[in-house]
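Each remark here refers to the structure printed beneath this line.
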Amino acid sequence: MYASARGSQPHVSSRPLDHSTVPLPSSPCSGCSNNTSVRFGGYKNHAARAHRRSVAVAADMSAAGDSRDLHKLAPLEAILFDIDGTLCDSDPFHFLAFRDLLQQVGFNDGVPITEEFYSANISGWHNDALAGQLFPELDHDKAMEFMDQKEALFRKLAARELKGLDGLQDMCKWIEDRNLKRAAVTNAPRANGELVLSLLGLTTFFPVLVIGSECERAKPSPDPYLKALKLIGASPDHTFIFEDSASGIRAGVAAGVAVVGLTTGNPEKVLRDAGASLLIEDFRDPKLLDMLQVLDRAATEK
C-alpha cells in the first residue's frame, strides 16, 4: 500500500512496480479501454452526491451567511479561477486517463481504480507529488514519464467533448462588463491549461495563466495565487477565487483570498472544511448570483 496523498488511505494495495518488468505504456492510448466516451451527467462522485442531498438545508443556511460576509470584498478588483473542475468538469477525462493507464502498468494488481479513489487520492494534486505517491518504488523520472503519458491521453480525450460549466460564459461577461482583473491558476501542466482555455474560447479572456509547477511551490501552498495577484496587480482584500478542490481552496485561503467552492466532484463538507466561504454547483447557482448582486450594491454604496 502506498502512502496516501490525502490523509487516510482506502484499502487499496498496489504491487511494487519495477519498470524493468512492468513497462509503462508505449503511447498514450496503447491498450486503452474502448469505453472512453464521457457522459457529463454520468460521472459524479457518488459519495459527494449523497452528502449534498443529506446536508442541503444546512448548507444553504451556511452559504447564505457566508455570502453576506463577502460584501466586504467590495469594491471588487479581481476574480481568480482554477481550471480543472472549475471552468469545466474535466475530472471525468482525468479519471479515465488515470484508470486506463494505471491498469495497464498493473497498479492495484490490475484492478481499475474507482471514482471514489480518484477523488480522494488524485484529484487536485500536482504531478510531481502524485508520481512519488503512486509509484514510490520507481525512479522519479520514470514515474514522471507515466504522468506525461497520462496528460497526453487526457488532452486527447478532452479535445473531443470538453465543455464549460453551466453559466460560465455569463460569468465571463459579468467580469468583462465591470472591467475586473482576472487570471487562471492551475496545478495542471501548461500544455493542459492552454488546451482547456483554448477549447473553452477563453485564451484571450485570461491575460495571465499561472502554473503551479512553475512556482516555487504548487497548490496547496499559496504561491500560485500570490503570483497571480502580483502579476495582475490586485489586492487579496478585493479578490475572490473559484476553486473545486480542497487543496486549491487551502491555497487560496493561505494566500489571504476568499474562496467560492464549486461542488463539481468533491463533498461539500470537504470543501467547507478546507475554508470555502461559499459553495455553489455552477455559475448559475442562485447563491452565486445573490452574492454578485450584493457586491454590486456594496460597490455603489462606497
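The values are calculated or read from the model by the stated rules, or taken from the named source; none is laboratory data. Predicted, not measured: the structure shown is a model, and the values here were computed from it. Every residue, glycine among them, receives a Cβ derived from its backbone with ideal geometry; neighbour counts consider all protein chains shown. Please note that ligands, DNA and RNA were not included when accessible areas were found on the heavy atoms of the full protein model with its side chains. Shrake-Rupley method; radii C 1.70, N 1.55, O 1.52, S 1.80 Å.
Heavy-atom accessible area per residue, the stretch 109-201, 1.4 Å probe: how many Å²?
Numbers: 4010 Å² over 93 residues.
Heavy-atom SASA per residue in the stretch 109-201 reads 43 Å².
Could you sort K287, K230, K181 by their accessible area in this structure, using a 1.4 Å probe and putting the largest first?
On the way: K287 50, K230 170, K181 80 Å².
Largest accessible area first, the residues go K230, K181, K287.
If you roll a 1.4 Å probe over the stretch 69-178 with all protein chains in place, what percent of the accessible area is carbon or sulfur? It would help to have the intermediate numbers written out before the result.
Numbers: 1830 of 4000 Å².
That fraction is 46 percent.
List the residues whose amide H sits under 5 Å from the amide H of V185, counting only those 5 or more places along or on another chain, with H placed 1.01 Å from N in the peptide plane.
Here the answer is F81, D82, I83, V210, since their amide H atoms fall under 5 Å of that of V185.
Along the charge dipole of the stretch 85-193, which of S123, S90, I113 sits closest to the positive end, that is, farthest toward it, with unit charges on the beta carbon of Lys, Arg, Asp and Glu (+1, +1, -1, -1)?
S90
Going by amide H atoms built from the backbone, whose H comes under 5 Å of the H on L76, apart from near neighbours?
Under 5 Å from the amide H of L76: no residue qualifies.
Excluding residues fewer than 8 places away in the same chain, name every one of the lysines whose C-alpha is closer than 27 Å to that of K269.
Answer for K269, where 27 Å is the Cα cut-off: K44, K72, K163, K219, K287, listed by chain and number.
Would you please name the GluC sites (Glu not before Pro) within the stretch 146-230 that are DSSP coil residues with at most 13 other C-beta atoms within 10 Å of their C-beta? Show your work: numbers first, answer last.
Values: sites: E151, E161, E176, E194, E214, E216; in loops: E216.
Sites meeting the loop and neighbour criteria: E216.
Run the 1.4 Å probe and let me know the accessible area of W125, rounded to the nearest 10 Å².
Approximately 50 Å² of W125 is accessible to the 1.4 Å probe.
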